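Undergrad: Please see the structure below; I have some questions.
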Ligand code: C2E
Ligand code: MG
Ligand code: MG
């Protein structure tokens, strides 16, 4: 097969532009990016919009051209057209990965391209990066170093009940600080940790740390922990969870695990057994990021999840294509409720989004509008829980915090 590269890109400061220019402006920008992308493609190339403002393409690599040159040509074409009268086009950061660097695996190449995009964005030069194994190696070193020197920690983001406005629980999110005090995003280090084979160890650590934190929270509050697909390779997953909860003294009813759709594709029978064992313990299982991947109704039906978490891109889509986004969200909420799942909306940043999603019937609301993730210590200060774990102040409003 001919050589090809996967590229992924998004407009810098899209969110700000969207706010300055209104939804119609944001729409116009996306349309012109999509049109420029289509115009730049050559026969045999393919493209897709993979997030509210994120695009990806597979570009054929002519023998004489480097991946960098091909990606750069695309990026220049994207910067080309004006998208609104007298409004300059925002810069577009781009990450690329030759398929060959991922052994021809498109999914893996896209993950690598995202690592490269992350580096391009961090450099803030509107530039482009082609994935190099050193990029993953850098992350790998940070992971090993972080495991040796306790540089991993968890932060907790509030999950708020739509009806009572009370906090229902918290989602635990992993953080890794590097040696220079900077932070590496889990979106970047989790895939690398999976490849390195240390995700089970890290994941067990997260389960234990989250359970130990939650046991200090007022009673009905639960903690929700994200699980990687790879953790299901570990036959003892349910046993580990059971032992950890009992060591920590946390009732299983106050513990939840979040899994993604990709889990169900890999090995449904084996996964179903493990999920059943987990459910028997009394922990709840949430389907995370629903609606972006396969969104298989058969799997939803078969596994009986306790909760459906609507992917953030639907919330983002409300500011781009409000009518269609609402219709789709309403349909997913109805489906969730019919299958006896509570529905959570995540990534809620504005009051308008909060109102719309509450109106659409989402049961639990999550996002910077309600609170950014906080460390357990910050959480205790903000919540001002009393020594005996009195939950009287659960409705204490969250301080406004900028995106974390
Ligand atoms: P997720 O489970 O879907 O987590 C939600 C992500 O959205 C978090 O990003 C959170 O910080 C972010 N977020 C929350 N509110 C808002 C908002 O209002 N606006 C925006 N733009 N973002 C918001 P984070 O912490 O970077 O985590 C990214 C992903 O990394 C998670 O997505 C999850 O898939 C994975 N992850 C995080 N912690 C763990 C972990 O302990 N284990 C595993 N296996 N994966 C984890
Ligand atoms: Mg999650
Ligand atoms: Mg999610």
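Undergrad: Given a Förster radius of 41 Å and the C-beta distance between residue 132 and residue 243 as r, what FRET efficiency does 1/(1 + (r/R0)^6) yield to the nearest 0.05? Please report the intermediate quantities before stating the final value.
TA: Numbers: r = 41 Å, r/R0 = 1.00.
With R0 = 41 Å, the Cβ-Cβ based efficiency is 0.50.
Undergrad: Distances over 25 Å make up what percent of all Cα-Cα pairs in the stretch 41-166?
TA: On the way: 3240 of 7875 pairs.
The calculated P(r) of the stretch 41-166 puts 41 percent of pairs beyond 25 Å.
Undergrad: Counting other beta carbons within 10 Å of each residue's own, what order do 79, 270, 323 fall into, fewest first? Could you put the intermediate results ahead of the total?
TA: Details: 79 15, 270 12, 323 8.
Fewest to most other Cβ atoms nearby, the residues stand as 323, 270, 79.
Undergrad: Also, quick follow-up: Below 8 Å between Cα atoms, with a sequence gap of 6+, how large is the relative contact order for the chain in percent?
TA: Values: 683 pairs, mean separation 52.2, N = 404.
Relative CO of the chain lands at 13 percent.
Undergrad: Could you line up 53, 180 from fewest to most neighbouring Cβ atoms inside 10 Å?
TA: On the way: 53 21, 180 6.
Listing 53, 180 from fewest to most nearby Cβ atoms yields 180, 53.
Undergrad: Take the alpha carbon gyration tensor of the chain, find the square roots of its eigenvalues, order them as a ≥ b ≥ c, and report rounded if a/c is under 1.5; if not, report prolate when a/b exceeds b/c, else oblate.
TA: On the way: a/c = 1.70, a/b = 1.41, b/c = 1.21.
Note, shape of the chain comes out prolate.
Undergrad: A further question follows. Label residue 13 and residue 64 with points 7 Å out from Cα along Cα→Cβ: what is the distance between them in nm?
TA: It is 3.9 nm.
Undergrad: I would also like to ask the following. Determine one quarter of the surface area of the Cα convex hull of the stretch 27-77, which equals its mean projected area, and express it in nm² to one decimal.
TA: 3.6 nm²
Undergrad: Using a 7 Å offset from the Cα along the Cα-to-Cβ direction at both residue 340 and residue 295, what is the distance between the two label points in nm, to one decimal?
TA: In this crude label model, residue 340 to residue 295 measures out at 2.5 nm.
Undergrad: Along Cα→Cβ, 7 Å out, is where each label goes; now give me the distance between the ones at residue 165 and residue 144 in nm to one decimal.
TA: Distance between label points: 5.2 nm.
Undergrad: Sticking with this one: Run the numbers on the stretch 176-291 and let me know its relative contact order in percent, using alpha-carbon pairs under 8 Å that are six or more apart.
TA: Numbers: 125 pairs, mean separation 27.4, N = 116.
In percent, rounded to a whole number, it is 24.
Undergrad: Shifting gears a bit: Can you figure out the FRET efficiency of residue 42 with residue 183, using R₀ = 51 Å and their beta-carbon distance, to the nearest 0.05?
TA: Working: r = 39 Å, r/R0 = 0.76.
The computed FRET efficiency comes out at 0.85.
Undergrad: Taking the stretch 140-183 on its own, what percent of its Cα-Cα pair distances exceed 15 Å?
TA: Values: 507 of 946 pairs.
The calculated P(r) of the stretch 140-183 puts 54 percent of pairs beyond 15 Å.
Undergrad: Could you work out [θ]222 nm for the chain from helices alone, using -39500 (n - 2.57) per DSSP H run of at least four and dividing by all its residues? Round to the nearest 500 deg cm²/dmol. Working shown, then result.
TA: Working: 14 runs with 179 residues, N = 404.
Calculated from helices alone, the mean residue ellipticity at 222 nm is -14000 deg cm²/dmol.
Undergrad: So for 260, 292, fewest C-beta neighbours within 10 Å to most, what's the order? Can you show the working numbers first?
TA: On the way: 260 20, 292 16.
Ordered by Cβ neighbours within 10 Å, fewest first: 292, 260.
Undergrad: Top mean-square fluctuation among 149, 226, 21, Gaussian network model of the chain, C-alpha springs under 10 Å?
TA: Comparing 149, 226, 21 in a Gaussian network model of the chain, the most mobile one is 149.
Throughout, read-outs are computed from the coordinates displayed, never taken from laboratory work. Quick caveat: nothing in here was measured; it's all calculated off a predicted structure. Neighbour counts run over all protein chains shown; Cβ positions are idealised from the backbone, glycine included.
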